[in-house]
Amino acid sequence: MAEACSNRSLGIRGELDAETFLVDQGFSVIAKNFRFGRNGEIDLIVRKENLFVFAEVKTRTGSAFGGGVYAISRPKKLNLEKTARFFIQKYPEAGQKGILFRFDLLSVSPSGIEWIKDIIRW
(Lines give C-alpha, C1' and ligand atoms only; values in the text may rest on other atoms or scores of the structure.)
Protein backbone atom coordinates (compact mmCIF):
# COMPACT_ATOMS: atom_id res chain seq x y z
CA MET A 1 0.00 0.00 0.00
CA ALA A 2 2.82 2.40 0.84
CA GLU A 3 4.35 1.83 -2.60
CA ALA A 4 1.08 2.83 -4.31
CA CYS A 5 0.95 6.04 -2.29
CA SER A 6 4.60 6.67 -3.06
CA ASN A 7 4.05 6.09 -6.80
CA ARG A 8 1.03 8.40 -6.79
CA SER A 9 2.99 11.10 -4.95
CA LEU A 10 5.79 10.73 -7.49
CA GLY A 11 3.28 11.08 -10.33
CA ILE A 12 1.69 14.18 -8.81
CA ARG A 13 5.09 15.79 -8.32
CA GLY A 14 6.01 14.97 -11.93
CA GLU A 15 2.78 16.50 -13.23
CA LEU A 16 3.46 19.69 -11.24
CA ASP A 17 7.00 19.86 -12.66
CA ALA A 18 5.65 19.33 -16.19
CA GLU A 19 3.00 22.02 -15.68
CA THR A 20 5.62 24.52 -14.50
CA PHE A 21 7.82 23.59 -17.47
CA LEU A 22 5.03 24.19 -20.00
CA VAL A 23 3.97 27.48 -18.37
CA ASP A 24 7.62 28.58 -18.59
CA GLN A 25 7.42 27.78 -22.33
CA GLY A 26 4.53 30.26 -22.68
CA PHE A 27 1.56 27.89 -22.44
CA SER A 28 -1.59 28.51 -20.40
CA VAL A 29 -3.11 25.60 -18.51
CA ILE A 30 -6.65 24.83 -19.69
CA ALA A 31 -7.26 21.60 -17.73
CA LYS A 32 -5.50 19.12 -15.46
CA ASN A 33 -6.37 15.43 -15.22
CA PHE A 34 -9.21 15.83 -17.71
CA ARG A 35 -11.27 12.64 -17.63
CA PHE A 36 -13.53 10.82 -20.05
CA GLY A 37 -15.05 7.56 -18.97
CA ARG A 38 -13.21 5.04 -16.86
CA ASN A 39 -9.93 4.80 -18.77
CA GLY A 40 -9.60 8.15 -20.47
CA GLU A 41 -7.50 10.83 -18.84
CA ILE A 42 -5.24 13.56 -20.18
CA ASP A 43 -2.76 14.78 -17.59
CA LEU A 44 -2.48 18.35 -18.88
CA ILE A 45 -4.22 20.34 -21.59
CA VAL A 46 -2.40 23.55 -22.39
CA ARG A 47 -2.74 26.29 -24.98
CA LYS A 48 -0.41 28.73 -26.66
CA GLU A 49 -2.07 31.00 -29.21
CA ASN A 50 -3.91 28.68 -31.66
CA LEU A 51 -2.21 25.47 -30.47
CA PHE A 52 -3.75 23.10 -27.93
CA VAL A 53 -1.41 20.46 -26.52
CA PHE A 54 -2.72 17.29 -24.90
CA ALA A 55 0.17 16.32 -22.64
CA GLU A 56 0.82 12.92 -21.15
CA VAL A 57 3.24 13.03 -18.22
CA LYS A 58 5.34 10.04 -17.21
CA THR A 59 7.55 10.29 -14.14
CA ARG A 60 10.47 7.95 -13.57
CA THR A 61 12.97 7.70 -10.73
CA GLY A 62 15.52 6.07 -13.01
CA SER A 63 16.02 4.40 -16.38
CA ALA A 64 15.68 0.74 -15.36
CA PHE A 65 12.51 0.26 -17.44
CA GLY A 66 13.30 2.77 -20.17
CA GLY A 67 11.97 6.28 -20.51
CA GLY A 68 8.38 7.41 -20.32
CA VAL A 69 7.89 6.89 -24.04
CA TYR A 70 7.82 3.11 -23.46
CA ALA A 71 4.73 3.53 -21.27
CA ILE A 72 2.57 4.83 -24.14
CA SER A 73 0.92 1.67 -25.48
CA ARG A 74 -1.50 1.46 -28.39
CA PRO A 75 -4.53 1.21 -26.02
CA LYS A 76 -3.23 4.26 -24.11
CA LYS A 77 -2.97 6.21 -27.38
CA LEU A 78 -6.55 5.26 -28.30
CA ASN A 79 -7.79 6.41 -24.87
CA LEU A 80 -5.91 9.70 -25.25
CA GLU A 81 -7.51 10.26 -28.66
CA LYS A 82 -11.03 9.50 -27.38
CA THR A 83 -10.53 11.82 -24.42
CA ALA A 84 -9.22 14.60 -26.66
CA ARG A 85 -12.26 14.30 -28.94
CA PHE A 86 -14.51 14.55 -25.88
CA PHE A 87 -12.62 17.65 -24.72
CA ILE A 88 -13.08 19.30 -28.13
CA GLN A 89 -16.83 18.58 -28.00
CA LYS A 90 -17.13 19.90 -24.46
CA TYR A 91 -15.14 23.11 -25.05
CA PRO A 92 -16.43 24.83 -28.19
CA GLU A 93 -13.49 27.28 -28.30
CA ALA A 94 -11.28 24.26 -29.06
CA GLY A 95 -13.30 23.56 -32.19
CA GLN A 96 -12.87 26.98 -33.76
CA LYS A 97 -11.36 27.35 -37.21
CA GLY A 98 -7.58 27.62 -37.22
CA ILE A 99 -7.05 25.74 -33.95
CA LEU A 100 -4.29 23.12 -34.05
CA PHE A 101 -3.90 20.10 -31.78
CA ARG A 102 -0.87 18.10 -30.74
CA PHE A 103 -0.19 15.18 -28.40
CA ASP A 104 3.06 15.51 -26.44
CA LEU A 105 4.84 13.43 -23.85
CA LEU A 106 6.74 14.95 -20.97
CA SER A 107 9.04 12.38 -19.40
CA VAL A 108 10.09 13.62 -15.97
CA SER A 109 13.13 12.11 -14.28
CA PRO A 110 15.83 13.15 -11.82
CA SER A 111 17.92 14.34 -14.79
CA GLY A 112 15.19 16.72 -16.00
CA ILE A 113 12.26 16.84 -18.39
CA GLU A 114 12.36 15.32 -21.86
CA TRP A 115 9.70 16.89 -24.09
CA ILE A 116 8.67 14.67 -26.97
CA LYS A 117 6.33 16.50 -29.31
CA ASP A 118 3.72 14.95 -31.57
CA ILE A 119 3.60 11.42 -30.12
CA ILE A 120 0.30 10.68 -31.87
CA ARG A 121 -0.46 11.72 -35.45
CA TRP A 122 -4.04 12.87 -35.75
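For segment 89-121, enumerate the residues that are in a helix (DSSP H, G or I) and either under 17 Å from residue 27 (Cβ atoms) or small (Gly, Ala, Ser) (or both).
93, 94, 95
Can you tell me which residue within segment 71-104, out of those that are surrounded by fewer than 16 Cβ atoms within 10 Å (Cβ to Cβ) and polar (S, T, N, Q), is modelled with the lowest pLDDT?
73
For segment 13-31, what are the residues that are at pLDDT below 95 and more than 12 Å from the chain's Cα centre (by Cα)?
13
Return a yes/no flag: does segment 87-94 have any residue that is of a type in the set (Ser, Thr, Tyr), in contact (Cβ under 8 Å) with a residue 40 or more places away in the chain and touching a helix residue (DSSP H, G or I) at 6+ places or on another chain (Cβ under 6 Å).
no
Filter segment 8-48 down to the residues that are more than 18 Å from residue 80 (Cβ to Cβ) and among the acidic types (Asp, Glu), then identify the one that is surrounded by the fewest Cβ atoms within 10 Å (Cβ to Cβ).
Only one residue tops the list, namely 24.
For residue 61, state whether it is among the β-branched types (Val, Ile, Thr), crowded, with 17+ Cβ neighbours inside 10 Å, in contact with a strand residue (DSSP E or B) (Cβ under 9 Å, 6 or more places away or on another chain) and outside any strand (DSSP E or B).
no
Can you tell me which condition residue 68 does not meet? The list is (1) under 15 Å from residue 120 (Cα atoms); (2) at pLDDT 85 or above, and all the others hold.
All conditions pass for residue 68, except number (2).
Please identify the pairs in which a residue from segment 103-121 that is farther than 17 Å from residue 41 by Cα has its Cβ atom under 6 Å from the Cβ atom of a residue that is of a type in the set (Phe, Trp, Tyr), counting only partners at least 6 apart or on another chain.
Cβ pairs passing all conditions: 113/21.
The values are calculated or read from the model by the stated rules, or taken from the named source; none is laboratory data. Being a predicted model, the structure only gives us computed values, none of them experimental. Quick reminder, even Gly has a Cβ in these numbers, built from the backbone with ideal geometry, and neighbours come from all protein chains shown.
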